[in-house]
1. If the requirement is being in contact (Cβ under 8 Å) with a residue 24 or more places away in the chain and on the phi < 0 side of the Ramachandran plot, which of these qualifies: A:315, A:327?
2. Exactly one condition in (1) open to solvent by less than 30 Å² (accessible area, probe 1.4 Å); (2) within 14 Å of another protein chain (Cβ to nearest Cβ); (3) within 24 Å of the chain's Cα centre (by Cα) is false for residue A:241; which is it?
3. Quick one: in the range A:278-329, which of the residues that are polar (S, T, N, Q) and not in a helix (DSSP H, G or I) is least open to solvent (accessible area, probe 1.4 Å)?
4. Quick one: is residue B:192 part of a helix (DSSP H, G or I) and either more than 12 Å from chain A (Cβ to nearest Cβ) or of a type in the set (Phe, Trp, Tyr) (or both)?
5. For the range A:246-264, what are the residues that are part of a helix (DSSP H, G or I) and open to solvent by less than 20 Å² (accessible area, probe 1.4 Å)?
6. Residues of the range B:98-124 being surrounded by 21 or more Cβ atoms within 10 Å (Cβ to Cβ) and not in a helix (DSSP H, G or I), which ones?
7. Hey, any hits in the range A:108-119 for a residue that's closer than 30 Å to residue A:63 by Cβ and either touching a residue at least 40 places away in the same chain (Cβ under 8 Å) or open to solvent by 60 Å² or more (accessible area, probe 1.4 Å) (or both)?
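The values are calculated or read from the model by the stated rules, or taken from the named source; none is laboratory data. This structure is a prediction, so every number in the text was calculated from the model and none was measured. Note that each Cβ is placed from the backbone with ideal geometry, even for glycine, and that neighbours are counted across all protein chains shown. Remember, those area values only see protein heavy atoms, side chains included, never the ligands or the DNA or RNA. Shrake-Rupley method; radii C 1.70, N 1.55, O 1.52, S 1.80 Å.
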Amino acid sequence: MTTTDPRPQRDRDAEELLSSLRGNTLPLWAPRVVVGIAATVAVLGALSSLGVVRGVLLGWLLTFALPIWSRVVEGPRKATDRLVTLLVYSAFSLALIPLGSIIWTVFSRGLSVMSAEFLTYSMRNVVGEGGGIYHAIMGTLLITGAATVISVPIGLFTAIYIVEYGDGNRVSKGIRFLVDVMTGIPSIVAGLFAYALFVLFFGEGVRMGIGGSVALAVLMIPVVVRSSEEMLKLVPNELREASLALGVPQWRTIAKVVVPTALAGIVTGVTLAIARVIGETAPLLIIAGATDSTNFNLFDGRMATLPVFAYTSIRFPGVPPEFSIDRGWGAALTLLVIVMLLNLVARLVSFFFSPKGER
Amino acid sequence: MAKSIDVSDLNIYYGDFLAVEGVNIAIPARSVTAFIGPSGCGKSTFLRSLNRMHEVIPGAHVQGKVLIDGEDLYADEMDPVNVRRMVGMVFQRPNPFPTMSIYDNVLAGQKLNSKRMKKSESDAIVERSLRSAGLWAEVKDRLSRPGSGLSGGQQQRLCIARAISVEPEVLLMDEPCSALDPISTSVIEDLIHELKEKYTIVIVTHNMQQAARVSDETAFFNLSGVGKPGKLVESGRTEKIFSNPDEEATEAYIQGRFG
Ligand SMILES: Nc1ncnc2c1ncn2[C@@H]1O[C@H](COP(=O)(O)OP(=O)(O)OP(=O)(O)O)[C@@H](O)[C@H]1O
Ligand SMILES: [Mg+2]
C-alpha cells in the first residue's frame, strides 16, 4: 500500500467521474452583459452620426461576441447552442419589426379621430369634418358573420367526411386536392365569381352584402377545411373505438365524441379564418360596393365595410382631404382592434373548451 | 340472459395480412374463458372480432362464422351497432373520454346514445358500476372532475365501470389488470366471478395464475412461426389445460419453457 491519498478509492473514483461530467461554463451573467453592451452600442450608434440602421446593425454584430467567447471557454457544442439561440432571437426580432411598425403607424394615425361619435355615426350627409364609421362596422360584422355562417358548416362537414368517412379513398383525395386549389384562389377572383353568380340572378350592376359574404366564404372554406381536418386527425382512434364499442352509432360518435374533443382547435381555426378574410378589400369593392349610409339588409343594395371604407377614404378624400384621410386611418385602427379581439376570443374559447385534466 | 359463442373456421385479416387463421372454439354461456398466448399471436385481434370491432380498422375483415346463441354476427342483416350493445369490451389500453367527467364517463354508453334517465337512476348506476370496478372509494368525492385526470390504473378501472354500466350480455376484457396492483387486480377478479353468474366473460391475460384463478375454460393461441398467422392451439377446461394439456407447446408455454 503506497498510496498517499488517505481517502478510499471509491471517493476518488466518484470525484473523477464528477469532474468529467462538469465542464467549463460561462458565468450566468455572460449573455446579459454581452447583450447589454451591444444594446448600449446600438443606442449610442443610432443617436450618433452613424444613423439608426447602421447603429443597430453594429450592435447586432457585437452580440456574436457571446458564441465566440463561449467557443473559447466552453467548447464547440455549447458555442453552437449559443450561436443558434442568437440566430433564433435575431429572426424573431426581425419578424417583429413589420408588426410593430404596422401597429405603431395605425395607432398613432388612427387614434386622433377615435371618439364615441366616430363609432356611432354613419357618413350620411357628411361633408368635410365629422361623421363616423358605424355603417362600415355594421357592414363588416354582417358580411363577415354571414360568410362564417356559410363556410363553417360546409368546411366542417367536408373535413368530417375526409377524416371520418373518406379514409384515403379516391373521393376524399379528390376533395383534398380541390381544397388545396381553392386555397390559392386570389381574392379578386373570388369577388368576380360572386359577382358573376349574382348577375345570373339579378342582372348587371348588382350590389348586395350577401354577395360579399359569398366571396369571403369562397376564401374561408378551404382554411376551415384544412384546420378542422388537422384537428379531427389529432383525436386519438382509441376514443372512437371506445365509443363504437359501447354500441354508439358512428354519427353519434362523431357528433358527441370526436367533434367535442377537437372543438377547441376547430374554433381557433375558424377564428383565424375569419381574421384572414375580415380585411379583404377587393372582392367587397366589386360586389358589396361602398355607401355612406347604414344598411342592415344583406339582401338589398350596397353595404359599406371597414376595408373598403379605408380604401375609398384615402383614395378619394375630396376637398379638403385631411378629414377623410384621418377617418381612413380610424377605420384601419378599428379593423385591427376587431381582429385582435377575435384572437383574444379564440384564445379564451380554446382555453375553456379544451379537454381538462391533461395539462 | 347470457349468450354462448360458437366460432367456426374464422380467418382474420388486416388488409392482405392474415393475422389469425382457422379458429374453431365454443365459448359456453355464464362462464369465464381465458385467452393466453405469446405477444403478437392474435389474442386481441380475435377478441375484437367477437364484437365486430375488428372491422373498424380500415381494410380489416374476417372470413368464417361467429355464432352468438345461434345467430351469425357477420350475417348481412346484422347491425354492428346492435352487436356491440350486446357484446361489451374493455380495451388493452385505458381510453376514458377526455371531454367528460368521471360521472359522465361511467354513463357514456347511455349518454352517447341519448338515453333519458332520472337523476336518481343514473346516480345508482354510477355508484354500482364504480363499486364493482373497485373505484368508488377513490373517486366518490370528485365525480365531476375529468376522467383523464386519473392514474393509469384508475383509468383502466373507470373503463371497466363504463363497460359494465350498460350491462352487456357478453363482456370481452383485453388484459384488464395489466396496469393494476395486486389489490385492484383481486377486486377485478372478484367482479369477474360475480359477473359470470349473469354474463359470458372472455378475458385475455398474460398472467398464468390469473388465468388459472378466474377462468373455467382456457384457450391457448400461438404463432406457428415468424410472419405466419396466429392459431388456436388448443382449448378446454382450465384444469385440464393447466394440468394435462394435449399439446406439447401448451405445456411448454404454461410452465414458462417457451421459446
Ligand atoms: N391495426 C393493425 N394493422 C395491421 N396489423 C395489425 C394491427 N393490429 C395488430 N396487427 C398484427 O396482428 C397480429 C396480432 O396482433 P394482436 O394485437 O392481436 O396480438 P396480441 O396477441 O393481442 O398481442 P399482445 O399480447 O402483445 O397484446 C400481430 O402480428 C400484429 O402485428
Ligand atoms: Mg393484445
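1. Criteria check complete, one pass: A:327.
2. Among (1) open to solvent by less than 30 Å² (accessible area, probe 1.4 Å); (2) within 14 Å of another protein chain (Cβ to nearest Cβ); (3) within 24 Å of the chain's Cα centre (by Cα), residue A:241 violates only (3).
3. A:305
4. For residue B:192, the condition - part of a helix (DSSP H, G or I) and either more than 12 Å from chain A (Cβ to nearest Cβ) or of a type in the set (Phe, Trp, Tyr) (or both) - is met.
5. In the first step, residues of the range A:246-264 are kept if they are part of a helix (DSSP H, G or I); the result is A:250-264.
Within the range A:246-264, A:253, A:254, A:257, A:258, A:262, A:264 meet the criteria.
6. B:98, B:99, B:100, B:107, listed by residue number.
7. yes
The rows are residues; the columns are (1) touching a residue at least 12 places away in the same chain (Cβ under 8 Å); (2) on the phi < 0 side of the Ramachandran plot; (3) in contact with a strand residue (DSSP E or B) (Cβ under 7 Å, 6 or more places away or on another chain).
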| residue | (1), (2), (3) |
| --- | --- |
| B:197 | yes, yes, no |
| B:209 | no, yes, no |
| B:213 | yes, yes, no |
| B:219 | yes, yes, yes |
| B:230 | yes, yes, yes |
| B:234 | yes, yes, yes |
| B:237 | yes, yes, yes |
